[in-house]
Amino acid sequence: MTQAFPVRGLEKTSPRALRASDADRDRVTELPRAAVADGRLDPVEFDERLDAALTARTLDALAPLVTDLIPVPGWRYASRGARCCWT
């Protein structure tokens, strides 16, 4: 159930523009950790993605960090396949 917020203009805000939580950042770091363990990311790129994930403020900033990695259970991709989202 969606709760209405009494803030003018909020209904136009994309869910991707929402602020990321610590749990969101933790979820995003799981994919690069698995990718570096599998040899799909080198340690330098992993460090860059990890730093970006830990400092991301919005869900929109987190999405590009994992869209090119193989998803794990609990993740799904939007119909265009270019964005990640959490279930």
Legend entry - Yes/no for Leu69 being within 24 Å of Leu18 (Cα to Cα) and in contact (Cβ under 8 Å) with a residue 40 or more places away in the chain: no
Legend entry - Residue count, the range 48-63 (criterion: open to solvent by 80 Å² or more (accessible area, probe 1.4 Å) and not in a loop (DSSP other than H, G, I, E, B)): 4
Inset, instruction - Under 7 Å between Cβ atoms, at least 6 apart or on separate chains: pull out the pairs that start in the range 23-49 with a residue that is touching a residue at least 24 places away in the same chain (Cβ under 8 Å) and end on any residue that is surrounded by fewer than 11 Cβ atoms within 10 Å (Cβ to Cβ) and part of a helix (DSSP H, G or I). - result: none
Legend entry - Residue check, Ala4 of a type outside the set (S, T, N, Q) and at pLDDT below 90: yes
Inset, instruction - Return only the number of the condition from (1) at pLDDT 90 or above; (2) among the β-branched types (Val, Ile, Thr); (3) touching a Lys or Arg at 6+ places or on another chain (Cβ under 7 Å) that Thr29 does not satisfy. - result: (3)
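The values are calculated or read from the model by the stated rules, or taken from the named source; none is laboratory data. Here the structure is a predicted model, which is why all the values come from computation and not from measurement. For neighbour counting, all protein chains shown are included, and Cβ atoms are generated from backbone atoms with ideal geometry for every residue, glycine included. Just so you know, the surface numbers come from the protein's heavy atoms only, side chains and all, with ligands and any DNA or RNA stripped out. Shrake-Rupley method; radii C 1.70, N 1.55, O 1.52, S 1.80 Å.
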